[in-house]
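Peer 1: One structure, pasted below without further comment.
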Amino acid sequence: MQIPKVSLDLRHKLVSLPPLIFHRRVQKDAPGTRSPIYGSVRIADIMKHLQDSYAITLAPSDAVVCFKEPGQSNSIRQIGQWTAEVRLKNGDVVPLAIHVEKQSKETAA
């Protein structure tokens, strides 16, 4: 059985990506390293970031993105480092590092 070329090319692009960084405002009364944020990071945000920053389009026929952490809903709601998975149509699973960082005054503009 031959592995589809789309899956191999897409896998290579995804594996070579640096962590995807998202900046969000932190809720004021939130102590700790995993502070709640305003404006969650959703699967759609990840897909848009891949398209806008890396020209990678994840068509539903080629790949599905989901969050790796057990029990996690369809969005990230806290500051921290997370993992999303891209499940390719050939069965491969490629992890994506997601970093949600506190939005500074410089990144707010």
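Each reported figure results from applying straightforward, stated rules to the coordinates on display, with no laboratory input. Quick caveat, the model's predicted, so the values are computed rather than measured. Positions of Cβ are backbone-derived with ideal geometry, glycine not excepted, and every protein chain shown enters the neighbour counts.
Peer 1: Can you put Ser16, Ser40, Ser75 in order, fewest other beta carbons within 10 Å first? Walk me through the numbers on the way to the answer.
Peer 2: Values: Ser16 8, Ser40 16, Ser75 13.
Fewest-to-most Cβ neighbours within 10 Å comes out as Ser16, Ser75, Ser40.
Peer 1: Would you mind ranking Leu96, Leu17 so that the residue whose beta carbon has the fewest other beta carbons within 10 Å leads the list?
Peer 2: Numbers: Leu96 20, Leu17 15.
The order, fewest Cβ neighbours first, is Leu17, Leu96.
Peer 1: While we're here: Using each residue's phi in the range 40-49, evaluate 6.51 cos²θ - 1.76 cosθ + 1.60 at θ = phi - 60° and report the 3J(HN,Hα) Karplus result to the nearest Hz, with x for Gly and Pro.
Peer 2: 5, 9, 9, 4, 4, 5, 5, 5, 5, 4
Peer 1: Can you compute the label reach from Gln27? Point 7 Å from Cα along the Cβ direction, backbone N cut-off under 16 Å, restricted to the range 75-94.
Peer 2: Under cut-off, by backbone N: 75-80.
Peer 1: On to the next question. For Ile76, Ile56, what's the fewest-to-most ordering of other Cβ within 10 Å of each Cβ? Could you put the intermediate results ahead of the total?
Peer 2: Values: Ile76 23, Ile56 16.
Neighbour counts put them in this order, fewest first: Ile56, Ile76.
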